[in-house]
Amino acid sequence: MSTLYSHDPIVPNDKSDKAKKAQVADMFDSIAHRYDFLNRFLSAGIDVIWRKKALALLKKSSPASVLDVATGTADLAIMAAEILKPKQIVGIDISPKMLDAGRIKIKNKSLESIITLKDGDSEAINFPDHSFDAVTVAFGVRNFEDLEKGLSEINRVLKPGGQLVVLEFSKPNVPILSQFYKLYMRHIAPIFAGWFSKNKTAYIYLNNSILAFPEGKDFLNVMHKTGFKQTSCKKLTLGISAIYSGIK
């Protein structure tokens, strides 16, 4: 049985009877129409730079097949197609409306022959063992209902020697920045999100899940436990986010 981590039970609505997975799907469905705008607005566009830095770790291996887990509106998948130029990218997500938004973006960029989006659960990935050269996850591992199970599934579908790259939020440890960050995430971001998406709860959940997530060395330990070697962690923007990498 997988170890329970402090973020695993964090849910968007603790008064709901639904499991975390179902709540997360409903939450993203409700903000799908404003998700890309809110990402750019609330991060001042720096999330685009973070994604590029994450994909840069895969350039050397030139993966021909990439699985993007928790693909959302396919931001990272589209960027991977443009930067890495693989033969195939599959994006999976549990939110149908996020996938619908992603498909529109893919069609607009004429990338349908390269990128395919599918309904998919990170903890039960519907592909055979050793299917992909690389797997990416951008801001999605916090939403796994069972962190170890999700990472173990990712390891299973990677080819031997394949690489996992995870981009995830973390907590800055510079004192003044840390205080501002807490204020911003706890109060300011949910207010803006409420104005633009009518779902303030989603960004309260975002903050709570970041605070509880096992970041840095703790997350690297989980990666080791689920079969990854040569792991690394690179903090970005004074620790606001981090890139994790590991090899199967």
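Between the beta carbons of Lys52 and Lys15, assuming R0 = 30 Å, the FRET efficiency works out to 0.15 to the nearest 0.05.
A simple charge model with +1 on the Cβ of Lys and Arg, -1 on the Cβ of Asp and Glu and nothing else charged puts the dipole of region 1-145 at about 660 debye relative to its Cα centre.
In the chain, a dipole from Cβ-located charges (positive for Lys and Arg, negative for Asp and Glu) runs towards its positive end, and of Ile243, Leu4, Ala74 it is Ile243 whose Cα lies farthest in that direction. In region 111-179, a dipole from Cβ-located charges (positive for Lys and Arg, negative for Asp and Glu) runs towards its positive end, and of Gly161, Phe139, Ser178 it is Ser178 whose Cα lies farthest in that direction.
With R₀ fixed at 35 Å, the C-beta to C-beta distance from Ile191 to Asp218 puts the FRET efficiency at about 0.70.
Taking every DSSP beta bridge that has both ends in the chain, the antiparallel portion is near 40%.
Taking the Cα centre of the chain as origin and assigning +1 to Lys and Arg Cβ atoms and -1 to Asp and Glu Cβ atoms, the resulting dipole is close to 780 debye.
Of the residues Gly120, Asn39, Ala64, the one whose Cα sits farthest towards the positive end of the charge dipole of region 9-126 is Ala64 (charges of +1 on Lys and Arg Cβ, -1 on Asp and Glu Cβ, taken about the Cα centre).
Rounded, prolate or oblate: which fits the chain when a ≥ b ≥ c are the square roots of the eigenvalues of the alpha-carbon gyration tensor, with rounded for a/c under 1.5 and prolate only if a/b beats b/c? Rounded is the answer for the chain, as its axis ratio a/c remains below 1.5.
In percent, rounded to a whole number, the relative contact order of the chain is 21, using alpha-carbon pairs under 8 Å and six or more apart.
You can think of it this way: the chain between Lys59 and Gln230 has 59.9 nm of extra reach, that is 0.36 nm per residue less the Cα-Cα gap. For region 45-59 versus region 200-241, the inter-centroid distance based on Cα atoms is 16 Å. Each of the peptides 55-62, 159-166 was scored by the mean count of other Cβ atoms within 10 Å over its residues; in descending order, highest first, they stand as 159-166, 55-62.
Computed from the coordinates by the stated procedures, all read-outs in this text should not be read as laboratory data. Here the structure is a predicted model, which means the values were calculated and not measured. Here the Cβ is made from the backbone with ideal geometry for all residues, glycine too, and neighbour counts use every protein chain on show.
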